[in-house]
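The values are calculated or read from the model by the stated rules, or taken from the named source; none is laboratory data. Please read all numbers here as calculations on a predicted model, not as lab measurements. FYI the Cβ positions are ideal-geometry reconstructions off the backbone, even for glycines, and counts take in every protein chain you see.
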Amino acid sequence: MKTEGQQTDNIANSETKDKKRLMSIEPNELSFTFCHNNVRVNQIVLPIGYNSIAVGYFKHTIPTVSEVDYAINVIEDALMSNKALVNNSEQLYASSALLSGLLIANVGAKNVFSRQEIEELFTQYANVSMGVPQLRYGIEVNSIDFALLLLVRETMHHLNFELLQCS
């Protein structure tokens, strides 16, 4: 099995020569590596990750509405702290096995996901946080998955990405 670093290298060195943004969601950080024509040109690391969100802001296995709202504000503030993070005609890639597993289990067995699909999954998670039974959607909500989903949703929404490709 490839490490996430090796997967990121494979994405960065793929045959397509264009602008890519490689997103890495780690336990305590969210990093973006900018690649233009298969050359790494910049990296921005934010001090938010799925574990820091789940542990720092979620007090329940299924976060409450107020916990989710607070986490959204924290993520949004971090993402908007650097204007260079806004999409500049780039394709967004992620090399997280956790994220891929979450999206494949809940959206479908594929590797490209639209912002609309992410929003629809977030709506289901949000409804569960408001008391709708998980069985209604056939999902299993936990704080780590919720944090991963929030990081991806907020990234796509606030940084203006329409598609996410997972590897």
Just for the stretch 34-64: of the residues that are of a type in the set (Val, Ile, Thr) and within 15 Å of Ala78 (Cα to Cα), which one is surrounded by the most Cβ atoms within 10 Å (Cβ to Cβ)?
Ile53
Out of the stretch 97-118, which residues are of a type in the set (Val, Ile, Thr) and either under 20 Å from Ile144 (Cα atoms) or under 11 Å from the mean Cα position of the chain (by Cα) (or both)?
Ile104, Val107, Ile118
Taking the condition more than 11 Å from the chain's Cα centre (by Cα) and either of a type in the set (Phe, Trp, Tyr) or at pLDDT below 95 (or both), does Glu162 pass?
no
Looking only at the stretch 126-146, which residues are closer than 13 Å to Val65 by Cα, out of contact with any Lys or Arg (no Cβ under 9 Å at 6 or more places or on another chain) and of a type in the set (A, V, I, L, M, F, W, C)?
Ala126, Met130, Val132, Phe146
Residue in the stretch 5-16 that is of a type outside the set (Ser, Thr, Tyr) and modelled with pLDDT of 95 or more present:
no
Checking Glu67, Glu26, Glu76 in turn, the sole residue that is touching a Lys or Arg at 6+ places or on another chain (Cβ under 8 Å) and either at positive phi or at pLDDT 95 or above (or both) turns out to be Glu67
Residue under question is Gln91, and the condition is that it be polar (S, T, N, Q), under 22 Å from Cys166 (Cα atoms) and touching a Lys or Arg at 6+ places or on another chain (Cβ under 9 Å); does it hold?
yes
